[in-house]
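For reference, the structure discussed in these notes is given below.
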Amino acid sequence: MHEKPGEGILKVKSILEKYPKERRYLLAILQDIQKTYNYLPREALNEVRDYLGIPLSSLYSMATFYKALSLKPKGRYVIKVCDGTACHIRGSLDIVEEIKKQLSISPGEVTKDGKFSLETVNCLGSCALAPVMVINDKYYGNLKPAMVKDILESTGD
Amino acid sequence: MKVIIDDKEFEAEYGEYILDVARRNGIHIPTLCHSDAVPGQGSCRLCIVEVYERGKNKVVVSCLYPITGEIKVYTNSEKIHRMRRNIIRLLAARAPGSEYIKKLKEEYGIPEETRFKVDEKEKCVLCGLCVKACEKLGSMAISTVNRGATKKVAPPFEEPPVDCIGCTSCAHVCPTGAIEVREYEGKRVIWNRTFELLKCTSCGRYFITREQYEYMKNRHGIDMKELLCDRCRQKSTAEKLVSLYKKLLVKKTLFQCYRLQKD
């Protein structure tokens with residue numbers, strides 16, 4: 001997952017080449033970088049700034065505004081536990097507690113091996129499945145704390 | 001175009017904002033995020049007024065409401081007073097550290113906050129004027145970061161900003177004094193970055209950062225031979241005008257003498 005600086009910049013350049021030098025592509029570019037690296041490396045942001053000719057402050061503002069973008073590396077598997085109203089009242093916080101116990105990380109953190117990162121989100125739009133979580137693109141509904149351990153163990157590279 | 005503000009009739013241009021007309025005619029409407037230099041924020045909502053237009057009434061922010069027809073405006077009706085009190089209460093809960101907000105709180109008789117947890121030191125109301133001023137001046141060193149409850153104004157990565165030129169426009173435009181500037185021994189510290197100050201070549205007072213000077217030079221293409229502070233520049237311009245006027249006067253007198261001789 002960890003890129004050598006030289007290679008990293010090359011990858012950013014190939015992302016940038018796909019887009020015209022216009023500000024309106026900024027979000028799309030940042031999403032692509034996020035997808036490639038699992039986060040927005042600082043050198044990459046500098047490259048984007050130079051390519052689009054916009055100030056770093058605007059980049060930083062956007063990077064901190066959207067939840068889908070992060071400035072710190074995320075795990076290879078991103079666990080999103082829904083804490084919307086329906087999930088909240090059906091015990092989503094117990095699920096978070098269980099994950100915390102299993103992986104010893106809090107929301108916003110990454111496991112030491114870089115495999116999992118945990119976050120809570122406001123709604124996944126699957127309230128009928130409450131409480132629900134999603135690991136990368138896979139949904140797990142009607143969760144009970146006892147199910148968490150198996151799910152985490154079955155999630156592998 | 002006629003407009004009635006608090007039962008008095010005033011003249012207004014088409015499209016002029018209510019606040020501007022009111023201010024011109026000495027009617028006080030409280031504001032926080034309004035600045036004549038960088039208008040159009042409309043984020044503090046303090047300047048709300050009640051507008052009666054074509055039989056309907058609504059509450060609008062006077063700093064952004066253009067006058068396009070005959071309207072009646074009330075700047076301090078009971079409804080407005082009540083709503084403004086609420087706004088001030090929330091602003092005070094957000095930024096209790098600001099002197100200006102403390103004054104407003106007193107003026108509107110707002111009790112101490114007990115319902116919300118407050119950060120006594122906080123002064124920023126997140127109006128965004130500083131960001132806009134920085135953008136207008138073109139160095140764009142700061143921006144709003146995060147969103148929702150954790151939103152704040154900060155430089156990129158919350159480190160001393162590389163793009164900052166230390167002009168202190170952000171601090172000057174800030175209505176609540178939330179941006180700290182310190183000056184000592186020829187140094188200026190803002191956003192945790194320390195700038196070296198240059199002296200005025202006339203009075204010897206420190207007044208401008210090197211980055212600011214370079215920026216002006218590059219942006220306006222002026223290579224100033226002497227570096228004058230505001231006061232000395234005014235003085236020097238005035239002196240130049242006086243000497244120019246004197247020269248003109250001499251010329252005029254000479255010309256008159258010449259004509260007299262000729263006649």
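Between the Cα long axis of helix A:145-154 and the first principal axis of chain A there is an angle of about 50°, rounded to the nearest 10.
A straight chain from B:Val118 to B:Glu13 at 0.36 nm per residue would run longer than the Cα-Cα distance by 33.5 nm.
Helix A:56-65 and the longest principal axis of the Cα set of chain A meet at an angle near 20°. Relative to its Kirkwood radius, the Cα radius of gyration of the range A:55-100 gives an Rg/Rh of 1.14.
Partner shielding of B:208-218 amounts to 0, given as the average count of beta-carbon atoms from other chains within 10 Å of each residue beta-carbon.
Values of log10 I(q)/I(0) for the range B:153-263 across q = 0.10, 0.16 Å⁻¹ run -0.47, -0.85, by the Debye formula with one identical scatterer at each alpha carbon and no solvent. Using a 1.4 angstrom probe on protein heavy atoms only, the contact between A and B buries about 1200 square angstrom of accessible area, both sides summed.
Residue by residue, the range A:23-32 carries 3J(HN,Hα) couplings of 4, 5, 8, 3, 5, 4, 5, 4, 5, 4 Hz when phi is fed to the Karplus relation 6.51 cos²θ - 1.76 cosθ + 1.60 (θ = phi - 60°); x denotes Gly or Pro. Amide H to amide H, with H built 1.01 Å from N, B:Lys152 comes under 5 Å of B:Val145, counting only residues 5 or more places away or on other chains. Think of a 1.4 Å ball rolled over the protein heavy atoms: the protein assembly as shown then has 60 Å² of accessible area per residue. Averaged over peptide A:63-74, the number of partner chain Cβ atoms lying within 10 Å of each residue's Cβ comes to 2. Projected label points at A:Glu17 and A:Glu153, each 7 Å from Cα along the beta carbon direction, are separated by 4.7 nanometres. As a calculated quantity, the FRET efficiency between B:Asn192 and B:Asn57 at R0 = 45 Å, using C-beta atoms, amounts to about 0.40. By the Cβ rule of 4.7 Å, chain A holds the following cysteines without a possible disulfide partner: A:Cys123, A:Cys127. The accessible surface of the protein assembly as shown, taken with every protein chain in place and a 1.4 Å probe, is 51 percent carbon and sulfur. Each listed q (0.09, 0.14 Å⁻¹) maps to a log10 I(q)/I(0) for the protein assembly as shown from the Debye sum over equal C-alpha point scatterers, namely -0.86, -1.30. Put simply, the amide H of A:Tyr39, placed in the peptide plane, has neighbours under 5 Å in A:Lys74, leaving out anything fewer than 5 places away on its chain. Taking amide H atoms as placed 1.01 Å from N in the peptide plane, the amide H of A:Val121 lies under 5 Å from those of A:Val81, A:Cys82, A:Asp83, each 5 or more residues away in sequence or on another chain. Cα axis of helix A:42-52 to longest principal axis of chain A: angle in degrees, 0 to 90, nearest 10? The angle comes out near 50 degrees. Out of every Cα pair in chain A, what percent are spaced more than 20 Å from each other? Of all Cα-Cα distances in chain A, 54 percent exceed 20 Å. For the range B:78-128, applying the loop criterion from DSSP together with a ceiling of 15 other beta carbons within 10 Å to the trypsin sites (Lys or Arg not before Pro) yields B:Arg115, B:Lys117, B:Lys121. Residue by residue along B:153-161, Cβ atoms of other protein chains within 10 Å of the local Cβ number 4 on average.
The values are calculated or read from the model by the stated rules, or taken from the named source; none is laboratory data. Note that the structure is a prediction, hence the values are computed from the model and not measured. Reconstructed Cβ throughout: ideal geometry from the backbone, glycine too, with neighbour counts over all protein chains shown. The accessibility values were calculated without ligands, DNA or RNA, using every heavy atom of the protein model including side chains. Shrake-Rupley method; radii C 1.70, N 1.55, O 1.52, S 1.80 Å.
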